[in-house]
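First comes the structure, then the notes that go with it.
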Amino acid sequence: MFELFKKAFSIGAKDEGETIAPDSRMAHGPVSEWATARGLGFSVDPDGTSVSLEGKVKGRPWRLQVGNASRAYIHGAELRARAELGIHDDVSVLVINRPLKDALEKQAFSMYTDSLQTSVDSRMPEEMRWLAMYDEVGWEGLPKPFWARYAVLTDKRDYAIEWINATLAAQLLDWPSPGPGPEVPFLILMLSGKAYLRMEYSPASMPTLEHASRIFTTACEAALVSLPPQPA
């Protein structure tokens, strides 16, 4: 489907780092307690609608936020994380759950065919551009349930193979119960030397938050060990 307009969407892709736009108050006491117990920094935005956790993985800073959704495909609260890893800019790998991938592809194709656009639409979320820019890849060694639940997209398959190890794949499948089902929007990304995670915070519970943060730090550790760094 995307071959028809991959070239059009590949123009103007940019790094993402926008902030959550909060509109409702959150209960953050348990999150603060959990963060303190693990030596993480904890802060609340001035109107109390989003919280942030900060830490380091192998000396590299990372930050996780919980707040209101900044994407139309996320309902309710959003959980997202970002880390400055210093990985080589050549590394671009996206792991996305298949229902979200399918929904974004259908939406992007509809927008493209309806408007006959020949350039990037600035209203489109970055996720649509990533789907257009990168090819889906696969390989032996990871369990079939992983491939049933997630798609891996990249322009360099070897990087994906090196990064997504057995431990990370297992964590991506082994959510606590009750935990996010396969249909809950989720993605994790290596792009421009940084790691990102974005997901719908559903169910909005401490086990979900804890496991998502574990996935993210595991992904960061695996990247720092297995992927090439920025040249000196």
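The values are calculated or read from the model by the stated rules, or taken from the named source; none is laboratory data. Remember, it's a predicted structure, so these values are computed and weren't measured experimentally. We place every Cβ from the backbone using ideal geometry, glycine too, and count neighbours over all the protein chains shown. Ligands, DNA and RNA are stripped out before the accessible areas are found, and what is left, the full protein with its side chains, is counted by its heavy atoms. Shrake-Rupley method; radii C 1.70, N 1.55, O 1.52, S 1.80 Å.
Things worth noting here:
- GLY48 meets all of the listed conditions (1) modelled with pLDDT of 90 or more; (2) more than 30 Å from TYR159 (Cα to Cα); (3) in a loop (DSSP other than H, G, I, E, B) but one, namely (1).
- Residue list for region 138-160, filter: of a type in the set (A, V, I, L, M, F, W, C) and touching a residue at least 24 places away in the same chain (Cβ under 8 Å): LEU142, PHE146, ALA148, ALA151, VAL152, LEU153, ALA160
- Take the conditions (1) under 18 Å from LEU79 (Cβ atoms); (2) not in a helix (DSSP H, G or I); ALA232 misses just one of them, which is (1).
- Residue list for region 51-93, filter: in a loop (DSSP other than H, G, I, E, B) and within 23 Å of PRO203 (Cβ to Cβ): ALA69, SER70, ARG71, ALA72, TYR73, ILE74, HIS75, GLY76
- Residue count for region 192-202, restricted to those that are open to solvent by 10 Å² or more (accessible area, probe 1.4 Å) and either closer than 20 Å to GLU84 by Cβ or in contact with a helix residue (DSSP H, G or I) (Cβ under 7 Å, 6 or more places away or on another chain) (or both): 4.
- Candidates LEU168, LEU189: the one that is crowded, with 17+ Cβ neighbours inside 10 Å and either in contact with a strand residue (DSSP E or B) (Cβ under 6 Å, 6 or more places away or on another chain) or more than 22 Å from GLY59 (Cα to Cα) (or both) is LEU189.
- Pairs meeting the criteria (first residue in region 25-47 and under 17 Å from SER205 (Cβ atoms), second residue at pLDDT 90 or above and open to solvent by 60 Å² or more (accessible area, probe 1.4 Å), beta carbons under 6 Å, at least 6 apart or on different chains) are SER32/PHE42; ALA35/PHE42.
- Condition check for ALA8: modelled with pLDDT under 90 and touching a strand residue (DSSP E or B) at 6+ places or on another chain (Cβ under 7 Å): no
- Filter result (closer than 12 Å to VAL95 by Cβ and either over 15 Å from the mean Cα position of the chain (by Cα) or not aromatic (Phe, Trp, Tyr) (or both)) within region 195-217: ALA195, LEU197, ARG198, MET199, ILE215
- Pairs, first open to solvent by 30 Å² or more (accessible area, probe 1.4 Å) in region 203-229, second not aliphatic (A, V, I, L, M), C-beta under 6 Å, six or more apart: PRO203/PRO178; MET206/PRO30; PRO207/PRO176; LEU224/LYS58; SER226/GLU162; SER226/TRP163; PRO228/HIS88; PRO229/GLY86
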